[in-house]
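K.L.:
Pasting in a structure now, in structure tokens, and then I'll have a few things to ask.
The values are calculated or read from the model by the stated rules, or taken from the named source; none is laboratory data. Just so it is clear, the model here is predicted, and its values are computed rather than measured. Note that each Cβ is placed from the backbone with ideal geometry, even for glycine, and that neighbours are counted across all protein chains shown.
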């Protein structure tokens with residue numbers, strides 16, 4: 001018997017369900033059904049129709065919706081969650097309904113009006129990962145959304161989803177409506193300001209702590225750690241809800257918001273794994289020892305803090321604790337005038353992020369030397385090669401290459417070593433130090449691909465590969481690689497500069513200037529090649545004084 005081919009189509013799939021539906025049905029079946037019907041009639045169905053979606057299946061507490069456009073699907077999800085948050089804000093707790101939503105773009109099979117396949121399964125798994133009131137989006141969907149939405153998506157990481165063979169990149173839609181009502185109107189501006197503050201702080205760090213910080217962008221300390229409570233291979237940290245010590249209990253939202261923004265800001269550093277707000281929220285006003293929190297959340301570090309407002313002043317106290325020893329590693333206090341609560345919050349976050357990012361990574365580096373691992377010798381060779389790479393002369397390039405080859409001999413699965421070695425070949429080819437520039441460029445590409453095969457989050461390998469694609473006039477491939485690098489580490493100056501150079505070759509001069517200027521904010525000592533790209537972009541826009549400078 002010949003089985004007819006399935007009707008297949010690339011669709012955006014939105015999967016949604018209601019949190020606590022079974023419990024609500026048990027408590028008030030008729031009321032729950034009535035509320036769900038009202039929500040469908042007044043909110044979800046009209047929103048889906050407005051975004052050209054088709055409801056494929058209803059499952060009591062859940063739904064599957066298909067869209068021809070991934071932009072429509074994610075915009076629909078965002079609009080539904082914001083409308084639900086506003087609706088719930090004026091309802092008593094028992095009458096509130098909260099959704100989780102997952103969105104994926106994938107190939108699906110169409111059978112009798114239903115949809116099947118991995119494209120559907122991934123959306124359903126993402127919905128299960130979503131926070132109450134939140135939206136999770138797959139990496140495939142994200143890749144097609146660039147520049148097409150007026151809200152942001154934060155990279156969560158690669159996740160192993162149930163019954164899905166390959167790891168899936170996951171992004172969280174940043175929803176203004178999830179913040180406290182007092183802050184909703186200013187939220188997007190706050191996040192933009194926070195991002196800029198972090199970039200400025202990191203730029204200062206690169207100036208003051210250049211060798212320590214630049215090393216992190218090539219070699220991830222977590223690769224070498226085998227002891228202690230950690231999530232994956234990175235040092236793990238939990239930011240416990242900051243305690244509101246103000247006389248006014250209404251200031252609770254400020255303490256919670258501060259905690260959430262620190263979590264979001266620290267989450268941008270690829271050297272750390274930061275626990276989500278949902279993971280730490282249960283510890284609000286719940287006494288627990290650092291050791292207990294460490295065991296429960298599988299983290300090596302935690303941050304505790306308090307917020308107190310007195311008149312027009314706000315005081316924040318924070319401390320960093322090693323959960324394995326119960327020892328306070330760092331503490332600080334911040335006191336500012338309450339002229340603008342949002343500016344103040346940005347300032348506090350920037351200080352905490354700066355100190356924590358350096359302290360935690362330095363502590364982890366010290367642990368490596370205190371407790372050698374089987375790869376410590378290879379690690380040491382990479383450390384020794386790094387200064388030579390930072391001072392690019394022909395002799396230093398040869399020295400770095402020899403050190404990195406030795407590291408790979410000791411650990412053939414050392415992604416960071418392959419990535420750095422690829423840099424040496426690419427640099428030699430670019431600077432005219434190679435006997436055969438073509439052969440060296442091919443070797444650089446081979447090594448970068450090898451590094452990414454071992455670890456796809458190796459930022460330097462993505463950047464090197466992007467430059468190789470650019471040289472070979474494979475512009476779209478170059479852009480894809482550089483965007484992946486920035487997705488992993490949004491504060492990488494070389495990645496941002498690479499984006500600017502690629503956009504310049506694509507004719508997107510304004511965007512190129514923006515990326516290159518952002519890179520220069522982070523690294524005031526931007527290399528000569530990237531400075532030239534910026535000067536050329538200024539020249540093309542007629543900004544001649546800036547180009548000369």
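K.L.:
Can you name the condition, by its number, that residue 33 falls short on among (1) touching a strand residue (DSSP E or B) at 6+ places or on another chain (Cβ under 9 Å); (2) outside any loop (DSSP other than H, G, I, E, B); (3) more than 16 Å from residue 133 (Cβ to Cβ)?
P.N.:
It fails just one condition, (1).
K.L.:
Moving on to the next point. What are the residues in region 505-517 that are crowded, with 21+ Cβ neighbours inside 10 Å and in contact (Cβ under 8 Å) with a residue 24 or more places away in the chain, if any?
P.N.:
512, 513
K.L.:
Shifting gears a bit: Looking only at region 466-485, how many residues end up being free of Cβ contacts under 8 Å to residues at least 40 places away in the same chain and either surrounded by 22 or more Cβ atoms within 10 Å (Cβ to Cβ) or within 18 Å of residue 415 (Cα to Cα) (or both)?
P.N.:
6
K.L.:
Still on this structure, please answer the following. Here is a check on your reading of the model: is residue 407 under 16 Å from residue 381 (Cβ atoms) and either modelled with pLDDT under 90 or in a helix (DSSP H, G or I) (or both)?
P.N.:
yes
K.L.:
Which condition number does residue 458 fail, the rest of (1) modelled with pLDDT of 90 or more; (2) buried (at least 20 other Cβ atoms within 10 Å of the Cβ); (3) more than 21 Å from residue 526 (Cβ to Cβ) being met?
P.N.:
Condition not satisfied by residue 458: (1).
K.L.:
Quick test for you: out of 434, 419, pick the one residue that is part of a helix (DSSP H, G or I) and assigned by TED's automatic domain parsing to the domain that holds residue 499.
P.N.:
Answer to the selection: 419.
K.L.:
Among the residues of region 298-314 satisfying the criterion of being surrounded by fewer than 21 Cβ atoms within 10 Å (Cβ to Cβ) and either more than 16 Å from residue 262 (Cβ to Cβ) or not assigned by TED's automatic domain parsing to the domain that holds residue 262 (or both), which is nearest to the chain's Cα centre (by Cα)?
P.N.:
298
K.L.:
Right, here's the next one. Would you pick out the residues in region 64-77 that are surrounded by 23 or more Cβ atoms within 10 Å (Cβ to Cβ) and either modelled with pLDDT under 90 or assigned to a helix (DSSP H, G or I) (or both)?
P.N.:
Matches in region 64-77: 70, 73, 74, 76, 77.
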